[in-house]
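No lab work stands behind these numbers, since they all come straight from the coordinates. Predicted, not measured: the structure shown is a model, and the values here were computed from it. Every residue, glycine among them, receives a Cβ derived from its backbone with ideal geometry; neighbour counts consider all protein chains shown.
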Amino acid sequence: MSRAGYRTREEARRDITRYIEFWCNRKRLHSAIGYRPPQEAHAEHERLRLTA
């Protein structure tokens, strides 16, 4: 486990966002959500939420 030190909250936010975008690629298929990309699963979730 590595820890990074940040001078500002914005610096930490940018680094964390880059990390998430890299490791949780929006186009990569995920088995936990039916081998669909996260954006597709999120869009479906939002549609269902709004129609409920």
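Whether any residue in segment 11-33 is without any contact (Cβ under 8 Å) to a residue 40 or more places away in the chain, assigned to a helix (DSSP H, G or I), small (Gly, Ala, Ser) and touching a Phe, Trp or Tyr at 6+ places or on another chain (Cβ under 7 Å) is what I want to check.
Quick first cut of segment 11-33, residues without any contact (Cβ under 8 Å) to a residue 40 or more places away in the chain only: 11-33.
Narrowing the set further to residues that are assigned to a helix (DSSP H, G or I) leaves 11-23, 31-33.
Those still in the list that are small (Gly, Ala, Ser) too: 12, 31-32.
With the extra rule that they be touching a Phe, Trp or Tyr at 6+ places or on another chain (Cβ under 7 Å), the set shrinks to 12.
Yes: one or more hits.
Filter segment 34-52 down to the residues that are part of a helix (DSSP H, G or I) and not acidic (Asp, Glu) and list them by number. Give the derivation first.
As a first pass, look at segment 34-52 and keep what is part of a helix (DSSP H, G or I): 38-51.
Once the filter is applied, which keeps residues that are part of a helix (DSSP H, G or I) and not acidic (Asp, Glu), segment 34-52 yields Pro38, Gln39, Ala41, His42, Ala43, His45, Arg47, Leu48, Arg49, Leu50, Thr51.
Just checking, does segment 28-47 include any residue being touching a Gly at 6+ places or on another chain (Cβ under 8 Å), surrounded by 12 or more Cβ atoms within 10 Å (Cβ to Cβ) and among the aliphatic types (A, V, I, L, M)? Let's see the steps before the verdict.
Start the filter on segment 28-47 by keeping residues that are touching a Gly at 6+ places or on another chain (Cβ under 8 Å), which leaves 41.
Within this subset, residues satisfying the condition of being surrounded by 12 or more Cβ atoms within 10 Å (Cβ to Cβ) are 41.
From the residues that got through so far, the ones that are among the aliphatic types (A, V, I, L, M) too are 41.
Scanning segment 28-47 turns up at least one residue that is touching a Gly at 6+ places or on another chain (Cβ under 8 Å), surrounded by 12 or more Cβ atoms within 10 Å (Cβ to Cβ) and among the aliphatic types (A, V, I, L, M).
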